[in-house]
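Notes follow once the structure below has been shown.
Nothing in this text is a laboratory measurement; each read-out follows from the coordinates by a stated rule. Every value quoted in this text rests on a predicted model; they were computed, and no experiment measured them. For neighbour counting, all protein chains shown are included, and Cβ atoms are generated from backbone atoms with ideal geometry for every residue, glycine included.
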Amino acid sequence: MTDIERRKADHVQICLTQDVASQVSSGFERYRFAHNALPEIDFSTISGATNFFGKSLRWPFLVSSMTGGTSGVAAINERLAALAQAHGWALGLGSIRAAVEQESRVSSFQVRHLAPDVPLVANLGAVQLNYGFGVLECQRALEITGADALVLHLNSLQEVMQTGGNTDFSGLLVKIESLCKALAVPVGVKEVGWGIDGKTASRLFDAGVQFVDVAGAGGTSWTQVERFRQGDEVLAQAAAAFVDWGTPTADCIVSVRRERPREVVIASGGMASGLDAAKAVALGANLVGFGRSLLSAAVTSIESLDTLFARLELEFRIAMFGIGAGDMEELRATDRLREVP
């Protein structure tokens, strides 16, 4: 097993068994919908349908990029792909760097046959653009996955907490801009749990990025994940100091929307329910990403995962019903989301 494969396997196990939650809340508890006692809509007709770069979705939901690259996680990605197709969610894959570098690792990322109709998003670390990756490697990632889009993840603090991590984040914006011009598919950028604010998002959009996943604080803290992996005591102690680092997801959405009201924004980071998702859309998100909250069910069985997907969808529809929003346009335009004093 290579170092990358071992790290990926460790990440899954740690996320399943250790307390790696951020001590920063997602911020959604500060918002509350004002109940509409007379919604004037039929619950059975409520629709969460939307689209993502020309592909239709039944729900504004994304399976956030989580894992891949080791034989032990192939079943996880297959279950996620099959249910994304069945439920009409977009599907993000974990970082495909291992498969680009080593042909034997491609199989766990090849799930397009299980999700032929939904948007599929390949994922690479943006910092790899400073470590030998360029247009050809990104094109190879798209070929391996059959993806409709590429997202580059920003994980600076995580890399610092890894022994031998890739920590040269200099000059990345220019390289991202060049990549956006060279690839034929939409290129997005996501954080991994510390958030993208409006100023940073605006720089990315100006560089040609077509969507941003704010991936704010409130869910998994990757400094804490790396703390559990560390053999280096100094790094482990330093990681513990950053458990409350990051910008809450709700604040990220508001900040990005204030700067760029018409761009495509994905909200992930600490999404615990369909109600959180409805709040995120009402704040301005186009799609809502669920990550570690899906992982335990995905490991357990496809039946458990199917039940979880259905619950999140039902909670989302109930929230829409509770404010009298019959479709996504009405949810985005609602004036019934209030910040709690």
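How high is the relative contact order of the chain, given as a whole-number percent (alpha carbon pairs under 8 Å, six or more residues apart)? Before the final figure, lay out the partial values.
On the way: 718 pairs, mean separation 79.9, N = 341.
That works out to 23 percent.
Enumerate the residues in segment 77-97 having an amide nitrogen under 20 Å from the point lying 7 Å beyond the Cα of Q13 toward its Cβ.
77, 95
Let's test the formula: R0 of 22 Å, r as the Cβ-Cβ distance of E143 and K181. What FRET efficiency results, to the nearest 0.05?
Details: r = 19 Å, r/R0 = 0.87.
Efficiency, rounded to the nearest 0.05: 0.70.
Mind checking the alpha-carbon convex hull of segment 131-274 and giving the volume per residue in Å³?
Working: hull volume 19.2 nm³, N = 144.
Enclosed volume per residue, from the Cα hull, is 133 Å³.
Using the Kirkwood radius over C-alpha pairs as Rh, can you work out the diffusion coefficient of the chain via Stokes-Einstein at 25 °C, viscosity 0.890 mPa s, in µm² per second?
122
Taking Cα centroids, how far is segment 124-186 from segment 256-320 in Å?
Taking the Cα centre of each part, segment 124-186 and segment 256-320 sit 25 Å apart.
Using 0.36 nm times the number of residues separating A75 and F53, minus their current alpha carbon distance, what extension gain do you get?
On the way: separation 22, 0.36 × 22 = 7.92 nm, distance 2.77 nm.
Extra length from A75 to F53 when fully extended: 5.1 nm.
Taking a ≥ b ≥ c as the square roots of the Cα gyration tensor eigenvalues, with a/c under 1.5 meaning rounded and otherwise prolate when a/b beats b/c, else oblate, which class fits segment 189-341? Display every interim value, and only then the final one.
On the way: a/c = 2.08, a/b = 1.26, b/c = 1.65.
Oblate shape, in that a/c is at least 1.5 and b/c is the bigger or equal ratio.
Over the Cα atoms of segment 25-110, what radius of gyration and what Dmax do you get, in Å?
18.2, 58
Per residue, how much space in cubic angstrom lies within the convex hull of the C-alpha atoms of segment 266-341? Walk me through the numbers on the way to the answer.
Details: hull volume 7.0 nm³, N = 76.
Spelled out: Cα convex hull of segment 266-341, divided by residues, is 93 Å³.
Taking the Cβ of each residue in W245, W194, W89 as the centre, tally the other Cβ atoms inside 10 Å and list the residues starting with the fewest.
Working: W245 16, W194 25, W89 28.
Going from sparsest to densest Cβ surroundings: W245, W194, W89.
Can you tell me the dipole magnitude for segment 3-339 around its Cα centre, using point charges on the Cβ only (Lys, Arg +1; Asp, Glu -1), in Debye to the nearest 20? Please report the intermediate quantities before stating the final value.
Values: 30 positive and 38 negative charges, 55 e Å.
Approximately 260 debye in magnitude.
For the chain, what is the mean residue ellipticity at 222 nm derived from helices alone (per DSSP H run of n ≥ 4: -39500 (n - 2.57); sum divided by total residues; nearest 500 deg cm²/dmol)? Before the final figure, lay out the partial values.
Numbers: 14 runs with 144 residues, N = 341.
Value at 222 nm, helices only, nearest 500: -12500 deg cm²/dmol.
What is the calculated FRET efficiency for F169 to A21, with r their C-beta to C-beta distance and R₀ = 25 Å, to the nearest 0.05?
Working: r = 25 Å, r/R0 = 1.01.
Here the calculated transfer efficiency is 0.50.
Just the Cα atoms of segment 86-203, one point each, no solvent: what log10 I(q)/I(0) does Debye give at q = 0.12, 0.18, 0.23 Å⁻¹?
Values, matching the q order: -0.44, -0.98, -1.45.
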